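Let me begin by presenting the structure, written as structure tokens, before commenting on it.
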Amino acid sequence: MSKLLILGPSLREASSSAALARALTKRMSPKMAISTFEIGQLPHYNADLGKPDAVAELIAAIDAADGVLFVTPEYNYSIPGVLKNAIDWASRPAYASVFRGKPCFVVTTSGGAMGGVRAQSHLKYILNGMLARVFPWQEAIVPFANKKTEEGRFADEETISFIETALNAFADWARLVGTKEGQEI
Ligand SMILES: Cc1cc2nc3c(=O)[nH]c(=O)nc-3n(C[C@H](O)[C@H](O)[C@H](O)COP(=O)(O)O)c2cc1C
């Protein structure tokens, strides 16, 4: 895998999920080109808007990526609305969107003990509904993410290296399954 796109960290400045995304970007950058799309800039989904520039940029970024890494907190037992909004924009046309066949890996975080595992299952269900390829790996969850974040820096090496191992496996798997439109899935 040469290009990885990160989607999902929360928008607040002191975000632990964003800190984790930055730490993973730093750790994985020698091996792959990693970019993050700022989903907070997207308008609310409205089919009447057509394809606003920010949406076109999101779709192009997903299209250009060999894989998508979701790093998202859990909100009310599911994924945050801002992430669902981004997914909804990129999900059209149904079953034939840029997500079709796209290798995806999900990492969830939470301030509490559950690590966002419920959001994780919701997100995988949504990705399956778009015919994305969801990496079949053990759950990558990050409990107590705020306690692991110090002044905007994700500081828990055990978590970073656990996810690094998973991401290396994801990259190998994504290379095998590919991402080309029209491939059997
Ligand atoms: C609207 C909202 C809903 C939340 N719901 C959950 C939840 O269902 N489960 C959970 O473990 N934490 C929940 N939390 C706590 C978040 O896990 C915690 O605020 C976390 O730090 C958010 O990620 P961030 O640091 O990247 O902003 C919620 C937080 C907010 C703001």
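The values are calculated or read from the model by the stated rules, or taken from the named source; none is laboratory data. Note that this is a predicted model, so its numbers are computed, not measured. Every residue, glycine as well, gets a Cβ built from its backbone with ideal geometry; the counts of neighbours run over all protein chains shown.
Only one entry of Ser110, Ser121, Ser97 meets the criterion of being away from the ligand (no atom under 16 Å from the Cβ) and at pLDDT 95 or above, and that entry is Ser97.
Looking across segment 38-55, the residues that are in contact (Cβ under 8 Å) with a residue 24 or more places away in the chain, part of a loop (DSSP other than H, G, I, E, B) and either surrounded by 14 or more Cβ atoms within 10 Å (Cβ to Cβ) or near the ligand (Cβ under 9 Å from one of its atoms) (or both) come down to Leu42, Tyr45. Taking the criterion of being free of Cβ contacts under 8 Å to residues at least 60 places away in the same chain and either over 13 Å from Phe70 (Cβ atoms) or away from the ligand (no atom under 16 Å from the Cβ) (or both), the residues of segment 136-158 that qualify are Pro136, Trp137, Gln138, Pro143, Phe144, Lys147, Glu150, Glu151, Ala155, Asp156, Glu157, Glu158. Take the conditions (1) touching a strand residue (DSSP E or B) at 6+ places or on another chain (Cβ under 7 Å); (2) at positive phi; Pro80 misses just one of them, which is (2).
Checking each residue in segment 13-32 for being away from the ligand (no atom under 13 Å from the Cβ) and surrounded by 14 or more Cβ atoms within 10 Å (Cβ to Cβ) picks out Leu24, Thr25, Arg27, Met28, Lys31, Met32. Of everything in segment 64-76, what is surrounded by fewer than 23 Cβ atoms within 10 Å (Cβ to Cβ) and either outside any helix (DSSP H, G or I) or within 16 Å of the ligand (Cβ to nearest atom) (or both)? Give them in sequence order. Asp66, Tyr75, Asn76 - these are the residues of segment 64-76 that are surrounded by fewer than 23 Cβ atoms within 10 Å (Cβ to Cβ) and either outside any helix (DSSP H, G or I) or within 16 Å of the ligand (Cβ to nearest atom) (or both).
Being polar (S, T, N, Q), within 24 Å of Val134 (Cβ to Cβ), within 12 Å of the chain's Cα centre (by Cα) and more than 16 Å from the ligand (Cβ to nearest atom) holds for only one residue in Ser10, Ser35, and it is Ser35.
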